[in-house]
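Trainee: Got a structure here, written out as structure tokens. Questions coming.
The values are calculated or read from the model by the stated rules, or taken from the named source; none is laboratory data. Note that this is a predicted model, so its numbers are computed, not measured. Here Cβ is always computed from backbone atoms with ideal geometry, including for glycine, and neighbour counts include all displayed protein chains.
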Amino acid sequence: MATPLACLCPPRPTWWALLLCGVLLGASAAPAVAQPTRGPAAKPQPGIDVQDYDFALTLSDTTDRIEGTATVRLRVTTDTLTAVRLDLIGRNQAQATAPSQVPGMRVTSVTEEGASVPYRHRNDILRIDPASDFKAGQTHTYRIRYSGTPADGLIIGTNQHGDRTFFGDNWPNRARHWLPVVDHLSDKATVEFRVTAPSQYEIVGNGALVNDSTTGDTRIMHWRSDVPLPPKVMVIGAADFAVDTAGTVDGVPVQSWVYPEDRSTGFKDLGQAPSILRFFEENLGPYPYEKLANVQSTTRYGGMENAAAIFYSEDAVADGEDDTPLLAHEIAHQWFGNTVTEAGWPHLWLSEGFATYLTGLYLEHARGEAALSKYMTKARQQVAKFHEQNPDEPLVDTTFSDPNALLNTNPYQKGAWVLHMLRREVGTDTFWAGLRAYYDRYRHQNA
């Protein structure tokens, strides 16, 4: 088990000192992170800070190939920058004799203010090399035209009912398979998606719906988030959906997007979201996004906390099971994980530990203290079992080669227990006040 916070901190210190004690648990290891060749960058691309992405994408029913135009506005942060580097998985031409059949993206042009800009797209990095020197404080806007078949990131296939679907599934660093981005969670930016697709599709995305138009057999839906997001939660989903508004919380529409075949049970399952959202708003602060859409999808995870458009596994929705903990966990991420985002993968517990414990607090609110006790007892058992099998694995792990390896008990249940001990030490009212202050301090930033 983790060392109790009471042993690390002086008696009855301020909530902030206690919270810092929790953050520092296991964090004394050196920050070096071993990364795979095609895995996530150890840090954001140097010298730039992306301000805004505007993605225009065309989807088709006759091919898995997508056509894209990305408009990327960025700020230069150093005088020593020699090139702009964006992550984008390219085609490995050595894999096949027919290049058009190889998954990956191919860039066809890069322009700035209508003028062509030299670029190279090699080793999954798009390097933009303008003729003029970069200066700190400059803002540049590049338009990138590209196309290809995503091998990952945008999952194109069929759902459990045999219908064709398109779902973004970026965590942890898979946005680069279909979007030219700085694919690291610490470079947050506003984003919009303009998606052209066959007219039978409903299309959901981050933020608010800007426009929805249909001409003939083509539909264009335009979504925009004016709140900066990490690429891990920038997504679209296109499918045949039944859409319902489950309620409105402080002016925020809470929507359910489910497959038509699952309409009855799906709407009932996802319909509990307004009460969960209201609980977190009352205790953490205003919901940070323009809407909350809970979406049945083909995500590989049980739930994925995409900002304002949470994707749930199609198996989890309308399965007759109690999905309250799943909804509470993913909705809690809208505050911790999306709006306050960990600065690096080793600190995943600042996202998952918070969402896991906030789920328990919602269960306590909705079902009583016994529900939280049962929930935390199970979590403690999971932590103890994991520790027996992995006695040297810290809460903040810098030794991973793939962030997916961090999806274990430590950042989830152990992180939750750090917060549970903190709450018991300072008291419930002070604990909630501390979370609100922490959220206010790092809102729209990284922690």
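Let's see how each residue does on (1) among the aliphatic types (A, V, I, L, M); (2) surrounded by fewer than 23 Cβ atoms within 10 Å (Cβ to Cβ):
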{"site": "Glu290", "(1), (2)": "no, yes"}
{"site": "Ala293", "(1), (2)": "yes, no"}
{"site": "Ser297", "(1), (2)": "no, no"}
{"site": "Ala308", "(1), (2)": "yes, no"}
{"site": "Ala316", "(1), (2)": "yes, yes"}
{"site": "Asp323", "(1), (2)": "no, yes"}
{"site": "Phe336", "(1), (2)": "no, no"}
{"site": "Thr341", "(1), (2)": "no, no"}
{"site": "Trp345", "(1), (2)": "no, no"}
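Trainee: Can you name the residue in segment 276-307 that is without any contact (Cβ under 8 Å) to a residue 60 or more places away in the chain and assigned to a loop (DSSP other than H, G, I, E, B) and is also farthest from Asp152 (Cα to Cα) among such residues?
Mentor: Pro286
Trainee: Give me the residue from segment 168-199 that is of a type in the set (Gly, Ala, Ser) and more than 25 Å from Ile125 (Cβ to Cβ) and, out of that set, surrounded by the most Cβ atoms within 10 Å (Cβ to Cβ).
Mentor: Top of the filtered list is Ala197.
Trainee: Output the residues belonging to segment 146-170 that are assigned to a strand (DSSP E or B) and within 16 Å of Val195 (Cβ to Cβ).
Mentor: Selection gives Tyr146, Ser147, Leu154, Ile155, Ile156, Arg164, Thr165, Phe166, Phe167, Gly168.
Quick grid of which residues meet (1) within 23 Å of Phe336 (Cβ to Cβ); (2) touching a strand residue (DSSP E or B) at 6+ places or on another chain (Cβ under 8 Å); (3) part of a loop (DSSP other than H, G, I, E, B):
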{"site": "Leu179", "(1), (2), (3)": "no, yes, yes"}
{"site": "Arg194", "(1), (2), (3)": "no, yes, no"}
{"site": "Val210", "(1), (2), (3)": "no, yes, no"}
{"site": "Arg219", "(1), (2), (3)": "no, yes, no"}
{"site": "Ala238", "(1), (2), (3)": "no, yes, no"}
{"site": "Pro253", "(1), (2), (3)": "yes, yes, no"}
{"site": "Arg263", "(1), (2), (3)": "no, yes, no"}
{"site": "Phe267", "(1), (2), (3)": "no, yes, no"}
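Trainee: Could we say that Thr58 is surrounded by fewer than 18 Cβ atoms within 10 Å (Cβ to Cβ), polar (S, T, N, Q), out of contact with any His (no Cβ under 6 Å at 6 or more places or on another chain) and over 30 Å from Ala239 (Cα atoms) here?
Mentor: Answer is no for this residue.
Trainee: Okay, moving on. If you go through segment 308-364, how many residues are without any contact (Cβ under 8 Å) to a residue 60 or more places away in the chain and either among the basic types (Lys, Arg) or in contact with a His (Cβ under 7 Å, 6 or more places away or on another chain) (or both)?
Mentor: So the answer is 2.
Trainee: Another question, then. When you look at Leu350, is it surrounded by fewer than 22 Cβ atoms within 10 Å (Cβ to Cβ) and within 25 Å of Gly302 (Cβ to Cβ), yes or no? Lay out the reasoning, then the answer.
Mentor: Working: surrounded by fewer than 22 Cβ atoms within 10 Å (Cβ to Cβ): no; within 25 Å of Gly302 (Cβ to Cβ): yes.
So Leu350 fails the test.
Trainee: Just the residues that are touching a Gly at 6+ places or on another chain (Cβ under 9 Å) and farther than 24 Å from Val191 by Cα, please, taken from segment 279-296.
Mentor: none
Trainee: Any idea which of Ala242, Ala308, Ala273, Ala246 is modelled with pLDDT of 95 or more and under 14 Å from Glu202 (Cβ atoms)?
Mentor: Ala242
Trainee: Separate question: Residue by residue through segment 337-352, note down the ones that are part of a strand (DSSP E or B) and either over 18 Å from Met234 (Cβ atoms) or among the aliphatic types (A, V, I, L, M) (or both).
Mentor: Across segment 337-352, the qualifying residue is only Val340.
Trainee: Would you point out the residue of segment 107-147, among those that are hydrophobic (A, V, I, L, M, F, W, C) and surrounded by fewer than 15 Cβ atoms within 10 Å (Cβ to Cβ), that is farthest from Arg73 (Cα to Cα)?
Mentor: Ala131
Trainee: Right, here's the next one. Could you check segment 10-93 for strands (runs of 3 or more DSSP E) lying wholly inside it with 1 or more residues that are modelled with pLDDT of 95 or more and more than 30 Å from Val204 (Cα to Cα)?
Mentor: Here the list reads 66-76, 84-87.
Trainee: Show the residue pairs that are 6+ apart or on different chains and have beta-carbon atoms under 6 Å apart, the first residue being within segment 121-146 and without any contact (Cβ under 8 Å) to a residue 40 or more places away in the chain, the second being part of a strand (DSSP E or B).
Mentor: His121/Gly90; His121/Val107
Trainee: Kindly provide the set of residues from segment 358-398 that are outside any helix (DSSP H, G or I) and loosely packed, with under 15 Cβ neighbours inside 10 Å, ordered by number. Spell out the reasoning first.
Mentor: First pass over segment 358-398, keeping only residues outside any helix (DSSP H, G or I): 368, 390-398.
Matches in segment 358-398: Gly368, Asn390, Pro391, Asp392.
Trainee: For segment 200-214, state whether one or more residues are at pLDDT 95 or above, surrounded by fewer than 17 Cβ atoms within 10 Å (Cβ to Cβ) and over 20 Å from Ser256 (Cα atoms).
Mentor: There is at least one residue in segment 200-214 that is at pLDDT 95 or above, surrounded by fewer than 17 Cβ atoms within 10 Å (Cβ to Cβ) and over 20 Å from Ser256 (Cα atoms).
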